[in-house]
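As structure tokens, the structure follows; a few thoughts come after it.
The numbers here are math on the coordinates, done by the rules we state, and not lab data. Only a predicted model underlies this, so the values are computations on that prediction, with no experimental measurement involved. Methodologically, a virtual Cβ is constructed for each residue, glycine included, from the backbone with ideal geometry; neighbour enumeration extends over all protein chains shown.
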């Protein structure tokens, strides 16, 4: 009996990404705080966090929304940056997307060269990859509730990192947090760590700590 062979191929197509921007009052130029939301969240969720962190400090805030959309339980709309399938393809697509967003932001708005990245949960990996691989290098990175991707060894381009986890976070465990702290320290990355009293959320206590870190960048 003859066996039929299955061939897998990939083809590139155009897709539209969505991002939200919050411009401060004044003429600028403004520094840019770019943030990546967690799994199942939206650009609105991340922009709310960025606004809290940057409140009253004159930063332009931008939240790109992940390209892969779905309906979660109860019909709630959410997005994901990627899954394990075709992971390297998705990473390349996401980096192209972020580079295009950054280019368009600098064309449309009065921004200076200062870029800070923020990531929550699944978005922390996006923040790290953007810092390491995107065309524009950041001044600092803020990571909350998610890992530094294990496949990257040379972390020096992160420069300064604010690493945070909720004390009752069941996903980003103390062991994973300590491992990431050790990796960043070994790479000579400056910054600091924060453990705040919450679970897997960006609480008000976290917002306050991240705001203090952001002020130190300027």
Could you put 91, 53 in order, starting from the residue whose Cβ has the fewest other Cβ atoms within 10 Å? 91, 53
Note on the chain: contact order normalised by length, alpha-carbon pairs under 8 Å, 6 or more apart, percent, works out to 18
Mind checking the angle between helix 122-133 and the chain's longest principal axis? C-alpha axes, 0 to 90 degrees, to the nearest 10. 80
What's log10 of I(q)/I(0) for the chain at q = 0.14, 0.16, 0.17 Å⁻¹, Debye sum over Cα points only, no solvent? -0.84, -1.09, -1.24
Could you give the angle, 0 to 90 degrees to the nearest 10, between helix 174-186's Cα long axis and the longest principal axis of the Cα atoms of the chain? 70
Relative to the present Cα-Cα distance, how much length would full extension add between residue 106 and residue 10 at 0.36 nm per residue of separation? 31.4 nm
In nm, what is the difference between 0.36 nm times the number of residues separating residue 187 and residue 22 and their Cα-Cα distance? 56.1 nm
Counting only helical runs of four or more DSSP H residues, what would the 222 nm mean residue ellipticity of the chain come to if each run contributes -39,500 (n - 2.57) and the total is spread over all its residues? -11000 deg cm²/dmol
Pick from 122, 88, 41 the residue whose mean-square fluctuation is largest in a GNM of the chain, springs joining Cα atoms under 10 Å. 88
Compare 129, 51, 87 in a GNM of the chain, Cα atoms joined below 10 Å, and give the one with the largest fluctuation. 87
Please give the peptides 70-76, 201-207, 57-63, 2-8 ranked by average Cβ packing (other Cβ atoms within 10 Å per residue), highest first, as a rough proxy for protection. 57-63, 201-207, 70-76, 2-8
Can you compute the FRET efficiency between residue 175 and residue 133 using 1/(1 + (r/R0)^6), with r the Cβ-Cβ distance and R0 = 22 Å? Round to the nearest 0.05. 0.25
In nanometres, the difference between 0.36 nm per residue of separation and the alpha-carbon distance of residue 167 and residue 199 is 10.9 nm
